[in-house]
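Q: Got a structure for you, written out below as structure tokens; questions coming shortly.
The values are calculated or read from the model by the stated rules, or taken from the named source; none is laboratory data. What you are looking at is a predicted structure, and each value in this text was computed from that prediction instead of being measured. Cβ atoms come from the backbone with ideal geometry, glycine included; neighbour counts cover every protein chain shown.
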Amino acid sequence: MKEGEENMEPVKVGLLGLGTVGGGTINLLQENAEEIMRRAGRGIEVIHACARDLNKPRICDTEGISLSTDPNEVVDNPDVDVILELIGGEGMARDVMLRAIENGKHIVTANKALIAKHGNEIFAAAEARGVIVAFEAAVAGGIPIIKGLREGLAANRIEWLAGIINGTGNFILTEMRDEDRDFADVLAEAQRLGYAEADPTFDVEGIDAAHKLAIMASIAFGMPLKFDRVYTEGITHVTRDDVTFAEELGYRIKHLGIARRTWNGIELRVHPTLIPERQLIANVDGVMNAVVVKGNMVGPTLYYGAGAGAEPTASAVVADLIDVVRALSCAPESRVPHLGVHPHALADESILAMDEVETAYYLRMQVVDRPGVLADLTRTFADLEISIEAVVQKEPPPGESLVTIILLTRTVQERQMVKAMEMLGKMDAIFGDVTRIRLEYLQ
Ligand code: NDP
Ligand code: HSE
């Protein structure tokens, strides 16, 4: 620290939200105050905060902080230099953020829904007003993946990235596999632990992961945010049987977000995925997240850490806050652009339609136990030029006549697999729905 800097006025912060992340942020700023001062070069003081219910018990101490129930009172406070937006949601949060920008405040947010859906508008407004909108905590909790992509890998052309980017979903899949627990029971625990979104369908239906993938892909490929082009599937249809069968075949089921540059366009997709168990990312369990990024020069790199929770997320929020404090004395043109490339250089890349994506598949079905059924199945696939990698037949429990068949295909275009699913649906030897989960080797 330069001589005299410790005597500068602390930077004044307005905090929107005193829940899991807001409370964790106050605690972190208090506990690590000295370390933060040494890194930021100035003290940081939360002077005004808001929450809906000021009588609710909190995980943090708010003594000495002015409290409001109206976020506008915080963003209109002339003494506030930086706003931390930790309310969540899109409607009110968008209005408040645009108002804060208009008031000339820098912003740090953990709100991936807001950035993924309204980021193009928000960044344009921030650039016009010369303020920073920092959003490290919006993707993969405490992992510094935004900084990694935007700065650490800035010299590379990114080829693809794939990540476990929803802590709640990974926690559910892990507990189903290791502890044989029920989906609903584990989800309730994730909510108690503060991992889940206010609306947990965002976690289990893949929407939260799609928000995060849209943000990472935009930085990786230097393009505007395209959340509405992300193909999205959640984990609700994954059963314990699928988890077990995948393990028997040497795979783990993970909910992955994948963004890949291909000759025909960019793939953007989130869905449950079988991954070979020898891959490091297949062994990322519980609330932990991990992202593999393949750059054309550096090769594959892996980022790992807690994907949700008060302290890990506060770690990312405060890292952004320190960056903002450091940048206060820099000219706006010398800052790192919001999406890594300068706004005029963003490329409007085309997004590959899902039916053109190529991947391998795991299929599970129940068939009548009679001669010729397996031959009919393999002929159907051969007619569609889909190669089969493996077929496993499970003996039925005593007294039952239906046999479970697990089938792994080689890589095929999604369009062909859709046709195959239609044909399987018409086969009278198949009982009930066919389960289809994509399979990636990540090589
Ligand atoms: P919480 O629900 O725990 O906290 C939200 C806070 O905002 C609460 O204090 C709530 O007040 C306050 N609030 C909500 N609406 C209003 C309003 N209209 N006016 C005033 N205050 C309001 O959410 P989280 O802390 O979990 O999440 C916050 C953000 O961080 C979200 O965008 C989330 O997606 C993101 N995030 C969360 C992570 C996590 O692990 N939880 C990880 C990474 C990102 P009150 O307490 O009185 O209800
Ligand atoms: N609900 C999110 C998750 C919080 O479980 O990953 C972190 O973004």
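Q: For A196, are the conditions met, namely being at pLDDT 95 or above, of a type in the set (A, V, I, L, M, F, W, C) and either assigned to a helix (DSSP H, G or I) or away from ligand 1 (no atom under 16 Å from the Cβ) (or both)?
A: no
Q: Moving on. Yes or no: A246 more than 16 Å from ligand 1 (Cβ to nearest atom) and under 16 Å from T435 (Cα atoms)?
A: So A246 fits the description; yes.
Here's the yes/no breakdown for (1) at pLDDT 95 or above; (2) assigned to a loop (DSSP other than H, G, I, E, B); (3) not charged (D, E, K, R):
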{"position": "I322", "(1), (2), (3)": "yes, no, yes"}
{"position": "V325", "(1), (2), (3)": "yes, no, yes"}
{"position": "S329", "(1), (2), (3)": "no, yes, yes"}
{"position": "H338", "(1), (2), (3)": "yes, yes, yes"}
{"position": "H344", "(1), (2), (3)": "yes, no, yes"}
{"position": "E349", "(1), (2), (3)": "yes, yes, no"}
{"position": "A360", "(1), (2), (3)": "yes, no, yes"}
{"position": "R364", "(1), (2), (3)": "yes, no, no"}
{"position": "V367", "(1), (2), (3)": "yes, no, yes"}
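Q: May I pose another question? Of E151, E179, which residue is at pLDDT below 95 and away from ligand 1 (no atom under 15 Å from the Cβ)?
A: After ruling out the rest, the residue left standing is E179.
Q: Among the residues of the stretch 267-286, write down those that are out of contact with any Ser or Thr (no Cβ under 7 Å at 6 or more places or on another chain) and assigned to a strand (DSSP E or B).
A: E267, L268, R269, H271, P272, T273, L274, I275, P276
Q: Only residues that are in a helix (DSSP H, G or I), surrounded by 24 or more Cβ atoms within 10 Å (Cβ to Cβ) and not acidic (D, E): list them for the stretch 199-214, please.
A: Across the stretch 199-214, the qualifying residues are A209, A210, H211, K212, L213, A214.
Q: Against the definition (touching a residue at least 60 places away in the same chain (Cβ under 8 Å), of a type in the set (D, E, K, R), within 16 Å of ligand 1 (Cβ to nearest atom) and over 21 Å from L442 (Cβ atoms)), how does D208 come out, yes or no?
A: yes
Q: Right, here's the next one. Any idea which of L328, L274, L256 is surrounded by fewer than 18 Cβ atoms within 10 Å (Cβ to Cβ) and touching a strand residue (DSSP E or B) at 6+ places or on another chain (Cβ under 8 Å)?
A: L328
Q: From the list E311, E247, E333, which one is assigned to a helix (DSSP H, G or I), free of Cβ contacts under 8 Å to residues at least 24 places away in the same chain and either farther than 19 Å from A162 by Cβ or not polar (S, T, N, Q) (or both)?
A: Every option except E333 fails the conditions.
Q: Tell me, which residue of the stretch 10-25 that is surrounded by 24 or more Cβ atoms within 10 Å (Cβ to Cβ) and closer than 21 Å to R326 by Cβ is nearest to ligand 2 (Cβ to nearest atom)?
A: For the stretch 10-25, the residue satisfying everything is T25.
Q: Quick check: is even one residue across the stretch 385-405 outside any strand (DSSP E or B), among the small types (G, A, S), farther than 29 Å from R261 by Cβ and modelled with pLDDT under 95?
A: yes
Q: So, in the stretch 71-106, of the ones that are within 16 Å of ligand 2 (Cβ to nearest atom) and crowded, with 24+ Cβ neighbours inside 10 Å, which residue ends up nearest to V325 (Cα to Cα)? Before you say what the answer is, go through the steps one by one.
A: Residues of the stretch 71-106 within 16 Å of ligand 2 (Cβ to nearest atom): 84-90, 93.
Cutting the leftovers down to crowded, with 24+ Cβ neighbours inside 10 Å gives us 84-87.
Numbers: L84: 13, E85: 16, L86: 18, I87: 22 Å.
Ranking the qualifying residues of the stretch 71-106, first place goes to L84.
Q: List, please: which pairs have Cβ atoms under 6 Å, are six or more places apart or on different chains, and start with a residue in the stretch 189-205 that is assigned by TED's automatic domain parsing to the domain that holds E233 and touching a residue at least 40 places away in the same chain (Cβ under 8 Å) and end with one that is among the small types (G, A, S) and more than 9 Å from ligand 2 (Cβ to nearest atom)?
A: Taking only residues 6 or more apart or on different chains, the pairs are G194/A310; A198/G88.
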